[in-house]
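The values are calculated or read from the model by the stated rules, or taken from the named source; none is laboratory data. Keep in mind that what you see is a predicted model, and the values were worked out from it rather than measured. Reconstructed Cβ throughout: ideal geometry from the backbone, glycine too, with neighbour counts over all protein chains shown. Just the protein is used for accessible areas: all its heavy atoms, side chains included, with ligands, DNA and RNA removed. Shrake-Rupley method; radii C 1.70, N 1.55, O 1.52, S 1.80 Å.
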Amino acid sequence: VSDEAFKYARALWEKLKPGVDAKPAAKEAAEEVAAHPDDEKALGALEIQLRKLLEKDSGLVDDLARIWQEAQAAYVVQVTASGERSVAVG
């Protein structure tokens, strides 16, 4: 990961972390994904917890969207498609 991409990843996490830390289930899911990043069930649990967090905080959604747009403008967002008949748009 480039330094520029890491900068945006860190900014996204800094916005998410307080909400994740405040909710034990979300914190546990994030720790599980950190320990086992290829575990589909752990990723699914984290996805659910993040969705719940975002549903409650439209300001957070706006902040994350802004950071994501900045990352796209800086050309650090990468889209990868793999596997038979995969499609990616980026």
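Can you tell me which residue within the stretch 46-77, out of those that are under 20 Å from Ala5 (Cα atoms) and open to solvent by 70 Å² or more (accessible area, probe 1.4 Å), is nearest to the chain's Cα centre (by Cα)?
Trp68
Kindly indicate whether Asp38 is assigned to a loop (DSSP other than H, G, I, E, B) and surrounded by fewer than 16 Cβ atoms within 10 Å (Cβ to Cβ).
It is true that Asp38 is assigned to a loop (DSSP other than H, G, I, E, B) and surrounded by fewer than 16 Cβ atoms within 10 Å (Cβ to Cβ).
Taking the stretch 1-27 as the region of interest, how many residues are in contact with a helix residue (DSSP H, G or I) (Cβ under 8 Å, 6 or more places away or on another chain) and open to solvent by 60 Å² or more (accessible area, probe 1.4 Å)?
Number satisfying all stated conditions: 5.
For a quick check of your reading of the model, give me the residue pairs whose first member lies in the stretch 17-29 and is without any contact (Cβ under 8 Å) to a residue 12 or more places away in the chain, whose second is open to solvent by 80 Å² or more (accessible area, probe 1.4 Å), with beta-carbon atoms closer than 7 Å and at least 6 apart or on different chains.
Asp21/Lys27
Confirm whether Leu43 is of a type in the set (A, V, I, L, M, F, W, C), assigned to a helix (DSSP H, G or I), within 14 Å of the chain's Cα centre (by Cα) and crowded, with 16+ Cβ neighbours inside 10 Å.
no
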